[in-house]
C-alpha cells in the first residue's frame, strides 16, 4: 500500500496577483547611457507623469472589477454587499478624476 502526504498550506500573507501586469518604475540612482552620446534622466515632473499614467490604468482596472462583482453580488441576492462594492467603484472613479486633474495641473 502506497501512502501519499499532501501538504496544503495557505498563508494569507503570500504574494498574490491582481490579474494584470504592471511596469513598476524605479530609480536606479544613476543615469543610463545608451551609446548615443547623452544620458537619460527623468525630471521629477516626468516621473510623476509616468506614475500618474500607471495609477490611472491600475485604478481603472480595479474600478471595473468592483462594478463586475457588485453586479454578481446583486444577482446572488447580496444587495447590501453589492451596494458597498459599487460605492467602492464610484470612489475609484473619484480617485481617477483627482489623478487626471493633478496630471493636467502638472502639464500646465
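Could we say that residue 74 is surrounded by 16 or more Cβ atoms within 10 Å (Cβ to Cβ) and assigned to a helix (DSSP H, G or I) here?
Criteria not met by residue 74.
Per-residue answers, yes or no, for (1) in a helix (DSSP H, G or I); (2) at pLDDT 95 or above; (3) more than 21 Å from the chain's Cα centre (by Cα); (4) surrounded by fewer than 14 Cβ atoms within 10 Å (Cβ to Cβ):
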{"site": "42", "(1), (2), (3), (4)": "no, no, yes, yes"}
{"site": "52", "(1), (2), (3), (4)": "yes, yes, no, no"}
{"site": "70", "(1), (2), (3), (4)": "yes, yes, no, no"}
{"site": "82", "(1), (2), (3), (4)": "yes, yes, yes, no"}
{"site": "86", "(1), (2), (3), (4)": "yes, yes, no, no"}
{"site": "89", "(1), (2), (3), (4)": "yes, yes, no, no"}
{"site": "95", "(1), (2), (3), (4)": "yes, yes, no, no"}
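The values are calculated or read from the model by the stated rules, or taken from the named source; none is laboratory data. Bear in mind the structure is a predicted one, so any value in this text is a computation, not a measurement. Virtual Cβ from ideal backbone geometry, glycine too; neighbours counted across all protein chains shown.
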